[in-house]
Every structure is written in structure tokens, then in C-alpha cells.
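**Q** The structure is given below, and queries will be raised subsequently.
The values are calculated or read from the model by the stated rules, or taken from the named source; none is laboratory data. Treat the numbers as computed from the prediction; the structure is a model and nothing was measured. In this analysis, Cβ positions are derived from the backbone assuming ideal geometry, glycine residues included, and neighbour counts consider all displayed protein chains.
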Amino acid sequence: MSENLLKKHELTIYYTLTFVFMGFGALLSFIFKIEIFSVTNVDIISLILWVVMAFSPTYSAILLTGINHGKDGLKELLSGYFKFRVSWKWWLGALALVLVPFLTCVVIALVSGGYTLPIEFTIPLLIVNIVYTFFSGPIAEEAGWRGFALPRMLKKQNATTATLLQGVIWIFWHVPLIFVPGSSQSTSFWPVYAILILLVNIILNWLYINSKGSLAVTILAHFSFNFSSVLILSLLSLVPYMIFSIVGSILGVLYLLLIYIFFSSKTYKPRSKPNRE
């Protein structure tokens, strides 16, 4: 009986677990004023709490999959990490999230004149930020949101409905981070931040569906989006934050237009071409 209940309500239980772990970690960080683990704050307690919060989507998915579906279910869930044999266009779609904003901002910086590389920039610093960004979000979350939750939501809703619902849940999952010292969410302008989460959720779900469930592709896309601001604003200081926000907003809208023009809003798969007589 309990097994049937777990399977019947596993999606609800999954989201509950991710919120509980995120909230618990954020509460401890807030009470004891523990700054979030980052490139500039390497501390064992911060690291433990960061793992509790950031990785909650993935270990919640692994836990429920193991209980409800056993080894075969775990194998299927984790196989998404190794789906590399995917059409080049999906890899390009993932990389576009960092390449297009970066190249656009490079052009703006060069045209405006007077740009010089920050003296603080070093290759080791670049590598450390790449590694941290890969784990902080992309690897930490994708098996949960895409590998576990999305396929189950698509059994009940069409692609856009499921994506918007998941996006709202994803927004609220980030809310506890407001109270974590040093987190980017604690200083974000939330109306814009929430819109960005919805936008990224659409792109990531679109890539996941069309790459036949490749978590490798969505991890790269998630990384590309997160790293674009780190690279452009923090590491290279190419443009001011306001310019970056305008450029990112325009490019994001164009990306979504391309998706909804050429792909079905109900399935995110390519629109079928009409038969010619």
C-alpha cells in the first residue's frame, strides 16, 4: 500500500523533498550567518550546506527512483548524463547561451573603445569559475528537474503547460536563497530574475525533449547560461550590468521566438510540414 502511494504521488513527494532540503539549508545559513560556498568562500561548513541546497533536486530524484523503480530506474535516470550522441544542432543550441551574449558584448566593448582586460583576470581563475559553475546548478540540478520531473509532468500536460508550471516551482525553489548570505539571489532584482528562470526553463526543456533526454546537453546549456554573466561581467568586465541585461533580454526573446515559430508549443518537437499535392 505504501509503495503504491509513493509511486502514485512521487512527483509531489519529489518537489516536497527538494523544498525541504533547500529550506533547511537556507534556514541554517540564515540563523548562523554562514556565507554561501563559492569561489571566494571555500569553507567546509559552507560546502556541506551548499550541497544540501544545490544538489537537492538530484539526490531527491535518485532517492525516489531507487525506492520506486529500483536499479533499472536508476540506470535509466542516470543514463541521461552519458547521452552524447546527439545532433550537433542541440549542442549548438546549448552553447549559444554563452557564445551569442559573449560575442555580442565583445563587439559592444570594442566599438565603444577603451576596453582593457582586467588585471585580476588569470587562466587559473577562469578554470576555477568554470568548474564551480558546472557544479553549481547544471550538474547539481539537471537529473532532478529534467531527468526525473519533466518526463512525469509531460504525461499529464503538454510541453508548454508543464514547462511554465515547472518554471514557477523552480522560481519558488530559489526563494530561500534570498536569506543565504553572499548568494546572488540575495541581491537580485526578483521580477527580472523570475522571468529569466521561466525563459531558461523553456529553453532547457526544449533541448531535453529534442535531444531525446540528454542531460549532457541540458547541463551544457544550464552551464552556458549561468557562466555567461560570470564571464562577461565578473571575469572580463566587457560591459556594464545594464547593457548586459538589455542584450540578454533581447537575445532571450529572439531565442524563444525561434522555438515557438519552428517547434510545436504542445510538444516542443519540430512542426510537421504540410503535405504538398
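**Q** Cβ-Cβ distance below 6 Å, separation of 6 or more or different chains: which pairs start in segment 197-212 with a residue that is in contact (Cβ under 8 Å) with a residue 60 or more places away in the chain and end on one that is of a type in the set (K, R)?
**A** Final answer for the pair search is Y208/R146.
**Q** Would you confirm, using the coordinates I've provided, whether T58 is touching a residue at least 60 places away in the same chain (Cβ under 8 Å) and within 18 Å of the chain's Cα centre (by Cα)?
**A** Working: touching a residue at least 60 places away in the same chain (Cβ under 8 Å): yes; within 18 Å of the chain's Cα centre (by Cα): yes.
Yes; evaluated as a whole, the condition is true for this residue.
**Q** Search segment 246-270 for residues being of a type in the set (G, A, S) and assigned to a helix (DSSP H, G or I), and hand back the single one that is nearest to S229 (Cα to Cα). Break it down stepwise before answering.
**A** Keep residues of segment 246-270 that are of a type in the set (G, A, S), which gives 248-249, 252, 264-265.
Applying the additional criterion that residues be assigned to a helix (DSSP H, G or I) yields 248-249, 252.
Working: G248: 9, S249: 13, G252: 14 Å.
Ranking the qualifying residues of segment 246-270, first place goes to G248.
**Q** Would you call T18 closer than 21 Å to P176 by Cβ and either acidic (D, E) or modelled with pLDDT of 95 or more (or both)? Explain how you work it out, then say what you get.
**A** Values: closer than 21 Å to P176 by Cβ: yes; either acidic (D, E) or modelled with pLDDT of 95 or more (or both): yes.
Answer is yes for this residue.
One line per residue, one yes/no per condition, for (1) crowded, with 21+ Cβ neighbours inside 10 Å; (2) not in a loop (DSSP other than H, G, I, E, B):
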{"position": "K7", "(1), (2)": "no, yes"}
{"position": "T18", "(1), (2)": "yes, yes"}
{"position": "G25", "(1), (2)": "yes, yes"}
{"position": "I36", "(1), (2)": "yes, no"}
{"position": "M53", "(1), (2)": "yes, yes"}
{"position": "G66", "(1), (2)": "no, yes"}
{"position": "H69", "(1), (2)": "no, yes"}
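**Q** In addition: Please return the ranges of helices (runs of 4 or more DSSP H) entirely within segment 137-218 where 2 or more residues are at pLDDT below 95 and surrounded by fewer than 21 Cβ atoms within 10 Å (Cβ to Cβ).
**A** Filter on segment 137-218 gives 190-210.
One line per residue, one yes/no per condition, for (1) out of contact with any strand residue (DSSP E or B) (no Cβ under 9 Å at 6 or more places or on another chain); (2) modelled with pLDDT of 95 or more:
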position: N4; (1), (2): yes, no
position: L11; (1), (2): yes, yes
position: F32; (1), (2): yes, yes
position: E35; (1), (2): no, yes
position: I44; (1), (2): yes, yes
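**Q** Can I ask one more? If we scan segment 234-253, do we find a residue that is free of Cβ contacts under 8 Å to residues at least 60 places away in the same chain, surrounded by fewer than 19 Cβ atoms within 10 Å (Cβ to Cβ) and farther than 30 Å from L125 by Cα? Steps first, answer last, please.
**A** Filtering segment 234-253 down to residues free of Cβ contacts under 8 Å to residues at least 60 places away in the same chain leaves 240-242, 245-246, 249-250, 252-253.
From what is left, the residues that are surrounded by fewer than 19 Cβ atoms within 10 Å (Cβ to Cβ) are 240-242, 245-246, 249-250, 253.
Within this subset, residues satisfying the condition of being farther than 30 Å from L125 by Cα are 253.
Yes, some residue in segment 234-253 is free of Cβ contacts under 8 Å to residues at least 60 places away in the same chain, surrounded by fewer than 19 Cβ atoms within 10 Å (Cβ to Cβ) and farther than 30 Å from L125 by Cα.
**Q** While we're looking at this one, here's another question. Show the residue pairs meeting these rules: Cβ distance below 9 Å; 6+ apart or different chains; first residue within segment 15-40 and under 16 Å from W170 (Cα atoms); second residue in a loop (DSSP other than H, G, I, E, B) and of a type outside the set (K, R).
**A** F21/F55; A26/V180; A26/S183
**Q** Give G144, G73, G114 a once-over and let me know the one that is touching a helix residue (DSSP H, G or I) at 6+ places or on another chain (Cβ under 9 Å) and without any contact (Cβ under 8 Å) to a residue 40 or more places away in the chain.
**A** Working: G144 fails: without any contact (Cβ under 8 Å) to a residue 40 or more places away in the chain; G114 fails: touching a helix residue (DSSP H, G or I) at 6+ places or on another chain (Cβ under 9 Å).
Among G144, G73, G114, only G73 is touching a helix residue (DSSP H, G or I) at 6+ places or on another chain (Cβ under 9 Å) and without any contact (Cβ under 8 Å) to a residue 40 or more places away in the chain.
**Q** Could you list, in sequence order, all residues of segment 61-93 that are under 19 Å from the mean Cα position of the chain (by Cα) and among the polar types (S, T, N, Q)?
**A** The one that is under 19 Å from the mean Cα position of the chain (by Cα) and among the polar types (S, T, N, Q): S79.
**Q** Let me ask something else about it. Given the residues V128, V107, V100, which is the only one that is within 30 Å of Y241 (Cα to Cα), without any contact (Cβ under 8 Å) to a residue 24 or more places away in the chain and part of a helix (DSSP H, G or I)? Can you show your working first?
**A** Working: V128 fails: without any contact (Cβ under 8 Å) to a residue 24 or more places away in the chain; V100 fails: without any contact (Cβ under 8 Å) to a residue 24 or more places away in the chain.
Only one candidate qualifies: V107.
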